[in-house]
Amino acid sequence: MKSVFVKEQKRYSRAELIDLLGPDEERATNTIRKLNEVGVLKTVRPSVAQKHLSELLDEDVLLVDIDTASELYYVITFVGLLVVGGCVLKCYPKYMAESSDLAEKLAQVIKVLEEYNAREQMIRIFNDEITKDRYSLLAIILFLLRDYHEFGPYANSKEVIEINGSGEILWDKTINETFAVLIDERPHYVDLRTRRRLDDDNDFFRRLHESVLTKLTRELQQSELLRLLDLPAVELSDETLDALGDNDYLLYRIEGELGTQFNTRKQLVLKALHAYLSQHLTLGEVNGFSAFGTNSFNLVWENVCCSVIGNQLGSFLSDLPLPTQLNAEFNGASTLQSIIEKPNWIGNDEEGNFSCSSDKTLIPDLVALIQVDGRHRLVVMDAKYYNIQLHRKQKLKGQPGIDDVTKQYLYQQAFRKFTELHGITDIKNCFLMPTDKTEIVDLGYVSLSMLSSLGLEDISIRLLPATEIYDLYLEGKRMDLSRLEL
């Protein structure tokens, strides 16, 4: 089974991809075709300019038959794990450099994706209903192994009757089946019948669960994914699935157990086992497509930054650390988001002018009101998932577009009245982008004279060390904003 690293947004030639996915050219071609069909691989025209880009614009994407088209560049638009045609693609983010610790860094990204999924419910684990349709083998494997390490094997208990045990005393059984000794004319029972519940190690579903977990561990070891998923090996059983029954029998037993089992965790495990066994494939035999990850990693980066930095956009105005008392013009129950002006549309008809207010307006990614050296500062930030190149002797590329720049200026303008009424004169604008480096990088700033001349702050550019930021996100901690040195 082939297991390879591929870089998000990198331009690969057909020959490079076939070499990665090979050595069987026909199978590699089928894999390329499948990736294109499911939308995680795009094609663009080959050119010197395209070769060095790290962003993919919609207008650059070609809608062509990749089997008949001439030379193209192929672009993976996915971060996470893909299994297709018996090949495992380990897709790492575009800002990461190829290095010896690439597996360790991608393992951290997988944990971030899992945490993001747990918070946002954006990555489907498996279907709520028992069905073969649209399930991800990778996601089910991940769920079953993570669940086992948290809760242990599937367990059904059995009742054991003991003599003088530590469990509940069964008085009816004790009185009817034993003899009493009279002491001071009161009966005393020497041999008490007691009841205790024990996990049944020979329970069919426990054995099935352990057999599947062991099989999954071996599959992940063969595909080099066990370390990447940061999972210890689970060797619980030498019993094969065939020894427990054929596939139809196993599915029948699971469906029967689901009808009598009301424990939520057990139901989830049973459904995952059913989804796995309904295909009864190994990772190496998956001819279709299985994935765990996202083709919108920009949303993950935004969520991570909001969590680590602390977004006050939804905070009540009464809770903000303002330098003065809240001005009477504002309602303390309002939020920073709610005070941003909405477009007002003016119409004309036979009765004259009328106005309609739009529901939508500007929405910044991150807003924070902090104190720096005793001064209150409003920081308006935008988490941008770009791999920018801003060097003296190299051409600018990978930067946010003009719409991103103008909107960032307008975010400050949207809060201008609020800040002026509360004596907040220290305002900063900033783009936050990921980097593979270990320290925060002050990359400079972007300026648009027609807007900065209106008294609006230019937009600083800070590259955040992604590995550290992900650690903070996973630990539920915050970053000290003074480190940005704005």
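The values are calculated or read from the model by the stated rules, or taken from the named source; none is laboratory data. Since this is a predicted model, take the numbers as computed values, not measurements. Here Cβ is always computed from backbone atoms with ideal geometry, including for glycine, and neighbour counts include all displayed protein chains.
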Could you run through region 11-26 and say how many residues are touching a Phe, Trp or Tyr at 6+ places or on another chain (Cβ under 8 Å) and among the aliphatic types (A, V, I, L, M)?
2
Out of everything in region 31-83 that is of a type in the set (Val, Ile, Thr) and surrounded by fewer than 17 Cβ atoms within 10 Å (Cβ to Cβ), what residue ends up being nearest to the chain's Cα centre (by Cα)?
Val38
Considering only region 1-26, state which residues are more than 27 Å from Asp436 (Cβ to Cβ), touching a residue at least 60 places away in the same chain (Cβ under 8 Å) and surrounded by fewer than 17 Cβ atoms within 10 Å (Cβ to Cβ).
Met1
Quick check, is Asp480 of a type in the set (Asp, Glu) and touching a Pro at 6+ places or on another chain (Cβ under 9 Å)?
no
Working only within region 458-469, note down all residues that are crowded, with 21+ Cβ neighbours inside 10 Å and farther than 17 Å from Gln399 by Cβ.
Ala466, Ile469
For residues that are in contact (Cβ under 8 Å) with a residue 40 or more places away in the chain and not in a helix (DSSP H, G or I), tally how many sit in region 177-218.
5
From Leu192, Leu198, Leu228, which residue is modelled with pLDDT of 85 or more and among the hydrophobic types (A, V, I, L, M, F, W, C)?
Leu228
I'd like to verify a number: residues in region 371-385 that are modelled with pLDDT under 95 and either surrounded by fewer than 18 Cβ atoms within 10 Å (Cβ to Cβ) or among the aromatic types (Phe, Trp, Tyr) (or both), how many?
5
Anything in region 349-390 that is over 30 Å from Gly401 (Cβ atoms), out of contact with any strand residue (DSSP E or B) (no Cβ under 8 Å at 6 or more places or on another chain) and either in a loop (DSSP other than H, G, I, E, B) or not acidic (Asp, Glu) (or both)? List them, or say none.
Glu350, Glu351, Gly352, Asp373, Gly374
Select from region 1-10 the residues that are in a loop (DSSP other than H, G, I, E, B) and out of contact with any Asp or Glu (no Cβ under 8 Å at 6 or more places or on another chain) and write down the one among them that is nearest to Phe289 (Cα to Cα).
Met1
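Okay, residues lined up against (1) over 39 Å from the mean Cα position of the chain (by Cα); (2) not aromatic (Phe, Trp, Tyr):
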residue: Leu138; (1), (2): no, yes
residue: Ile141; (1), (2): no, yes
residue: Ala155; (1), (2): no, yes
residue: Phe179; (1), (2): yes, no
residue: Ile183; (1), (2): yes, yes
What are the residues in region 316-348 that are in a strand (DSSP E or B) and closer than 30 Å to Arg483 by Cβ, if any?
Phe316, Thr335
Check Thr77 against each of (1) over 21 Å from Ala139 (Cα atoms); (2) out of contact with any helix residue (DSSP H, G or I) (no Cβ under 7 Å at 6 or more places or on another chain) and name the one condition it does not meet.
(1)
Would you say Thr361 is farther than 30 Å from Tyr116 by Cα, touching a helix residue (DSSP H, G or I) at 6+ places or on another chain (Cβ under 9 Å) and surrounded by fewer than 17 Cβ atoms within 10 Å (Cβ to Cβ)?
no
Say whether the condition of being without any contact (Cβ under 8 Å) to a residue 60 or more places away in the chain and charged (D, E, K, R) is met by at least one residue in region 221-234.
no
